[in-house]
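Note sheet for the following structure.
Every number here is computed from the coordinates shown, using simple stated rules; none is lab data. Only a predicted model underlies this, so the values are computations on that prediction, with no experimental measurement involved. Note: ideal-geometry Cβ built from the backbone for every residue, glycine included; neighbour counts use all protein chains shown.
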Amino acid sequence: MNLDQRNDDQPIHSGELPVVAGPSEDLSALYTDEEFEESPFSKWILPISLFVATIFTTLWAGAYQVYNGPTHGPVNFLLEHPETLWRGIPFAATLLIILVTHECGHYVLSRIHGVPASLPLFIPGPPYFIGTFGAIIRLRGPIVNRRALFDIGVSGPLAGFIAAVVALVIGLNMSTVVDRTATHGLQLGEPLLLQFISWLVVGSVPPQADIVLHPIGFAAWFGLFVTSLNLIPIGQLDGGHVAYALWGSRQRTIAFTIVPVLIALGFVGWPGWWLWAFMAGLWGFGHPPVRDLHVPLGRERIVVGWIAFAVFVLTFAPVPFSFH
């Protein structure tokens, strides 16, 4: 179902930022926490269990990244060397702090605007790379106000971005510069912000050299990558919420411009962009309508919106991954 074709009677799905059409300023009159009361399992047991599982999988992934001995995959590594899991703490702790900060941004602003929201639901993943698929927050009521849509949408990426930048500075200070011929395998893309901060922290790196990121730096790099993905102005991504709050129906035009660019980047750079273009078609290019779209955001929010756009440009890597 194309998300921008829903009506007010359609259900709210997990992971969406739901919206409705029609005028109202008093959000508390529309719904209360009691109307969206969760069971103890849904409210506490499920989010805590998923978070604990994600702690383990990211710890496992971080330890596997820094292990240099002979092994035959992460499962055998865990069975043969469980005592080395502690070495994954720098990566796991940094990554989870960034993701928790991102989701808390959404959660806190949801509560401020009176939108019932679940605790963050972290999704554990296989330990081959980072050990998680990220996290979502389930909003259990409609976002009926343009300002609320903007605040909830922009808060997560900007909060996570600040945490990632702090972690990147720390990680780069602990990283090493090596001869480029000594590096092989997965190469990470270098968005503009990473290049600038690397120049400030490490200094000018000669062409024949490369920076091997410390696990904290790698977690920070992934935090920047997640920020850029979330700020793509398509459908119900965070960037879609921000673009729709700023420009209304013109957000759809922006999305239709972005998708061909992603497809082209899939041919010349990272094929993963094809998946994002495909999923954009599933989510819907445009953003569903909100009530009170005519209410002005105000100068401060418009400035924050342009800051979010600048963050997207600075953190976007056309080729985030390559192999050499």
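What the pair-distance distribution of region 152-248 shows, using all Cα-Cα distances binned every 5 Å from zero, is 3, 13, 21, 20, 15, 11, 8, 6, 3, 1, 0 percent. Placing a label point 7 Å from the Cα of residue 56 along the Cα-to-Cβ line, the residues of region 67-95 whose backbone N sits under 18 Å from it are 74-89, 92-93. Think of it as helices only: each DSSP H run of n ≥ 4 in the chain is worth -39500 (n - 2.57), and spread over all residues that comes to -17000 deg cm²/dmol at 222 nm. Full extension of the chain segment joining residue 209 with residue 274 gains 20.2 nm, where the gain is 0.36 nm per residue of separation less the Cα-Cα distance.
P(r) for region 84-139, from all Cα pairs and a bin width of 5 Å, is 4, 18, 25, 20, 13, 10, 6, 3, 1 %, short bins first. Taking max minus min of the alpha-carbon positions on each principal axis, region 226-324 gives extents of 50, 26, 17 Å, largest first.
Please give the contour-minus-distance gain from residue 303 to residue 186: 0.36 nm per residue of separation, less the Cα-Cα distance, rounded to one decimal in nm.
Working: separation 117, 0.36 × 117 = 42.12 nm, distance 3.72 nm.
In short, 38.4 nm is gained.
Remark: the residue 313-residue 261 segment gains 17.3 nm on full extension, using 0.36 nm per residue and subtracting the alpha carbon distance.
Compute the helix-to-body angle for 238-247: its Cα long axis versus the longest principal axis of the chain, expressed 0 to 90° and rounded to tens. It works out to around 40 degrees.
Once the Cα gyration tensor of region 73-190 is diagonalised, what are the square roots of 5 times its eigenvalues, in whole Å and ordered largest first, as equivalent ellipsoid semi-axes? Write down the numbers at each step before the final one.
On the way: eigenvalues 237, 72, 28 Å².
In descending order the semi-axes read 34, 19, 12 Å.
A protection proxy built from the mean count of other Cβ atoms within 10 Å ranks the segments 282-291, 199-208, 165-174, 226-235, most packed first, as 226-235, 282-291, 165-174, 199-208. Rg of the Cα atoms in region 121-203, relative to 2.2 N^0.38 Å, amounts to 1.52. Expressed as a whole percent, the proportion of Cα-Cα pairs in the chain lying more than 30 Å apart is 38%.
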